[in-house]
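Reviewing the structure listed below.
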Amino acid sequence: MCFCCGDEHPSGLYLRLVAGEGLSLSGTFTVTELHQGAPGLAHGGLLTAAFDDALGCLNWMVGGRAVTARLETDFRRPVPVGSVLHIEAEVLGVKGRKIFTRAIGRLDAPNGPIAITAKAMFIKVPLEHFIDNGRPEDIERARGDSAVRNSLANFEVNP
């Protein structure tokens with residue numbers, strides 16, 4: 001039940017992502033009243049969560065599991081409730097266990113005004129990182145969830 005990309009979270013972002021050319025992806029999410037901070041505007045933390053999820057999906061294109069080590073988000077203009085945020089994200093490079101990424105968010109159209117930019121660094125980790133640190137019941141539920149496996153397969157790249 002992923003808050004950002006899952007279909008079952010009652011106040012989730014319902015972020016939709018698709019692989020693009022090379023090591024890139026694009027996605028959208030509609031800002032609802034449940035996502036507002038200041039009256040009529042999206043909450044910056046929720047916008048950052050959407051970018052963390054989009055940038056994190058890029059990791060599957062370059063070797064799989066990784067965790068966020070650093071995420072920098074620049075808010076260039078307000079994102080109103082009711083708007084659709086279009087996200088374009090790409091891998092900039094990989095060095096050892098580090099994966100460097102960036103993304104841009106545009107309002108209401110793929111070529112709309114830039115509302116948000118972000119860059120991040122992820123660190124590749126083994127599966128045991130999640131098993132050792134996650135709650136056992138959540139690990140078991142994820143293992144049995146075909147929706148999780150199917151969504152991750154969208155971002156795997158054959159070498």
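Is one or more of the residues making up the range 9-25 surrounded by fewer than 17 Cβ atoms within 10 Å (Cβ to Cβ) and modelled with pLDDT of 95 or more?
The answer is yes; a qualifying residue exists.
Answer yes or no as to whether GLY37 is without any contact (Cβ under 8 Å) to a residue 40 or more places away in the chain, out of contact with any Cys (no Cβ under 7 Å at 6 or more places or on another chain) and over 30 Å from ARG143 (Cα atoms).
The answer is yes for GLY37.
Name the pairs: first residue in the range 110-131 and in contact (Cβ under 8 Å) with a residue 12 or more places away in the chain and more than 16 Å from SER24 (Cα to Cα), second residue outside any strand (DSSP E or B) and β-branched (Val, Ile, Thr), Cβ to Cβ under 9 Å, at least 6 apart or on different chains?
ALA115/VAL79; ILE116/THR48; ILE116/VAL79; LYS124/VAL62; PHE130/ILE139
Would you confirm whether any residue within the range 28-45 is in contact with a Lys or Arg (Cβ under 7 Å, 6 or more places away or on another chain), surrounded by fewer than 16 Cβ atoms within 10 Å (Cβ to Cβ) and either farther than 27 Å from GLY134 by Cα or modelled with pLDDT of 95 or more (or both)?
no
Taking into account only those residues within the range 109-134 that are within 19 Å of SER83 (Cα to Cα) and over 18 Å from the mean Cα position of the chain (by Cα), which is surrounded by the fewest Cβ atoms within 10 Å (Cβ to Cβ)?
Once the filter is applied, the top-ranked residue is ASN111.
Select from the range 60-72 the residues that are under 13 Å from the mean Cα position of the chain (by Cα) and without any contact (Cβ under 8 Å) to a residue 60 or more places away in the chain and write down the one among them that is farthest from ALA118 (Cα to Cα).
Applying the filter and picking the extreme gives ALA66.
The values are calculated or read from the model by the stated rules, or taken from the named source; none is laboratory data. Worth saying up front: this structure is predicted, and the values here are computed from it rather than measured. Don't worry about glycine lacking a Cβ; one is built from the backbone with ideal geometry, like all the others, and counts go over all protein chains shown.
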